[in-house]
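Notes to accompany the following structure.
The values are calculated or read from the model by the stated rules, or taken from the named source; none is laboratory data. Quantities reported herein were computed from a predicted structural model and do not represent experimental measurements. FYI the Cβ positions are ideal-geometry reconstructions off the backbone, even for glycines, and counts take in every protein chain you see.
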Amino acid sequence: MNLDLFHSLTNKNIEFKPLSTCAVQEIHEYASDPIVSQSSGWKLMNTLDETREFIDVMINRELEGTHLYASVVQKSSGVVIGTAMLFNFDHQANKAEIGYVFHKDYWGKGYGTQVISLISDFAFKSLKLHKLHGQVVHPNIGSARILEKNDFKLEGRLIDHYFIDNDYYDALLYGKINNK
């Protein structure tokens with residue numbers, strides 16, 4: 001997998017950068033937000049040390065070749081506004097899972113749609129994947145819309161799939177086939 005290419009994805013509003021513990025404070029701002037945790041399925045980070053350790057885990061997964069992660073940076077401010085990921089690679093079936101987590105101050109501004117477009121293009125054109133899939137914590141309708149705007153189709157629902165803050169939530173399963 002081409003880490004350098006993934007880490008350099010860009011458009012007019014955002015750019016990807018390698019994850020780094022140097023951005024621990026910016027990442028912690030959304031990783032420690034209960035609303036973001038509940039919406040994304042990410043484990044809530046309570047301390048900067050927990051967030052730093054999680055960043056190290058993500059970096060190690062990248063080095064092992066099992067995951068791709070990038071900090072999503074808003075070009076106009078230079079601020080890390082989220083994390084983009086491509087993971088759960090199935091090399092035999094030629095597919096992977098797509099994911100994203102954003103600071104809630106940047107929800108509803110089109111950044112998620114742009115991130116999924118960048119990752120999808122990279123996955124289909126550079127990695128030559130056949131299929132991408134994503135899971136959305138229901139009732140996160142905003143996240144579902146992000147996938148739908150990028151031509152992902154609802155393929156199913158897993159009942160009580162997520163257990164977050166002592167509550168169960170369904171997972172909405174989305175997929176997109178590379179038709180090129």
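Quick check on this structure: which one of R61, R52 is farther than 19 Å from L147 by Cβ, modelled with pLDDT of 95 or more and among the charged types (D, E, K, R)?
R52
Against the definition (of a type in the set (D, E, K, R), modelled with pLDDT under 95, closer than 22 Å to D105 by Cα and surrounded by fewer than 20 Cβ atoms within 10 Å (Cβ to Cβ)), how does K12 come out, yes or no?
When the stated conditions are applied, K12 does not pass them.
Is it the case, given these coordinates, that G78 is under 20 Å from V137 (Cβ atoms) and not in a strand (DSSP E or B)?
no
For segment 56-99, which residues satisfy the criterion of being at negative phi and polar (S, T, N, Q)?
Of everything in segment 56-99, those that are at negative phi and polar (S, T, N, Q) turn out to be N60, T66, S71, Q74, S76, S77, T83, Q92.
Which one of these is more than 24 Å from K125 (Cα to Cα), out of contact with any Lys or Arg (no Cβ under 8 Å at 6 or more places or on another chain) and among the basic types (K, R): R157, R145?
From the options R157, R145, the qualifying one is R157.
Any idea which residue in segment 19-41 is surrounded by the most Cβ atoms within 10 Å (Cβ to Cβ), counting only those that are within 21 Å of R61 (Cα to Cα) and modelled with pLDDT under 90?
S40
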